Amino acid sequence: MNHEQRTPFHAIEYACTADIVPPQEICRSKENSHGTRSFFGEDEPLFLSHLTYSRPFSNKKFTKAFVRVWMVLRISYKLLEEGKHATQRELFYRLLSEAPNYFRCQKQVNDAIQDVVAVVKCSRYSLGILASSRGSVTGRLLIQEPDGAVLDCTNTGSAGQVITGDLNCIQNWRFQSDARYILVVEKDAIFQRLQEDKFFYSVPCIIITAKGYPDLASRIFLHQLRCTFPMFPIVALVDWNPAGLAILCTYKFGSVRMGLETSTYVCDVKWLGLRSRDIQLVSKESFIPLTAKDRQLATSLLSSKMLQNKKAYQEELTHMLEFGGRIEIEALYAHGYSFLGKYIAQKIVERDYI
């Protein structure tokens, strides 16, 4: 689109091709496949491109989307004027009460926020909008807050230290650690098991979980750790299924829906496990058949450009499809609850990650 044709909704986006959501949910990034930049060298490509995105507001279908953008901008202006912040969930209830004809679900609010981010080319925090956080951290890490208070992550309860959704706060935290690794865990239950077992005393590490697909706050927190401790390998423990790999790819390549924010907080996360070679550790009774959704996601990942140079990842996905089943981390408990720590420790010591 040339300059004369640009609408007020025009934006330049920097996005990645992590095709981890169904195509019908991708609003701003279906063409983000012309990669020209790499953060990790030739072997670790991150596909980014400059794209033009527009919506035909003459089409009635997009009229409400246009109105939603301006309503989010209006609330954002009020938040900044008053020096306050609000979460996306708080915005939803505010907008639901003020304009129920335009906002009926959280997804409409989230999409409008992403559109605003693309329009004004800034982060959501700059708009006074906080990222909802599900993440927790535990292990050999001291966090110094701006007021001087120090949080010792070895002394947290089983739930760990909550990662705040205040992105400015995260970026102003100061870290100290004598760890040697950063372990990203997909599931909260596994995180709690490792915290209860004090795994970080056996293997000096920092353990993080976002309890599933990573939220922005958890990704920013991990990115801050990477910047502070660039020599710490970051390894991920996820289920052996397409969703597990998709979660790892979100940390590694960014979220396809995050627009301008996606490439800022990527980290070179390695796949520790579970992997196909671990099938022998699991009884047949623990195998779970792949669903149609699992197969669709696996096919999407295999065709995505971000994995074209990741042959090991492609082989794992192909093996999943041929095997026809998936394995959850909890299946390792058949060898006893202490086996999980031994499994992770051996993988780390032998550098058995890809």
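Results, tabulated for the structure shown:
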item	result
Spatial extent of segment 198-331: Rg and Dmax, with the Cα atoms as the point set, Å	15.4, 44
Carbon plus sulfur fraction of accessible area for segment 281-348, probe 1.4 Å, in percent	54 percent
Segment 254-354: mean projected area of Cα convex hull, nm²	7.8 nm²
P(r), alpha carbons of segment 59-190 - 10 Å bins starting at zero, rounded %	11, 34, 26, 21, 8, 1
Carbon/sulfur fraction of accessible area - segment 100-254, other protein chains in place, 1.4 Å, %	49 percent
Ratio of Rg to Rh over segment 180-241 (Cα coordinates, Kirkwood Rh, two decimals)	0.95
FRET efficiency, residue 84 to residue 120 (Cβ-Cβ, R0 30 Å, nearest 0.05)	0.95
Heavy-atom accessible area per residue - segment 216-325, 1.4 Å, Å²	36 Å²
Anisotropy class of segment 149-268 from Cα gyration tensor, a/c 1.5 cut	oblate
Accessible area (Å², per residue) of segment 104-201, counting only protein heavy atoms and a probe of 1.4 Å	41 Å²
Tail beyond 21 Å, pair distance distribution of segment 120-188 (Cα, percent)	32 percent
Set 121/252; 187/252; 252/293 screened for pairs whose C-alpha atoms are more than 20 Å apart	121/252; 252/293
Nearest-0.05 FRET efficiency for residue 105 and residue 354, computed from C-beta distance (R0 45 Å)	0.70
Over segment 311-354 - Rg/Rh using Cα atoms and the Kirkwood inverse-distance radius	1.05
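The values are calculated or read from the model by the stated rules, or taken from the named source; none is laboratory data. Given the structure is predicted, the values throughout are model-derived calculations rather than measurements. Cβ: placed from backbone, ideal geometry, glycine included. Neighbour counts: every protein chain shown. Remember, those area values only see protein heavy atoms, side chains included, never the ligands or the DNA or RNA. Shrake-Rupley method; radii C 1.70, N 1.55, O 1.52, S 1.80 Å.
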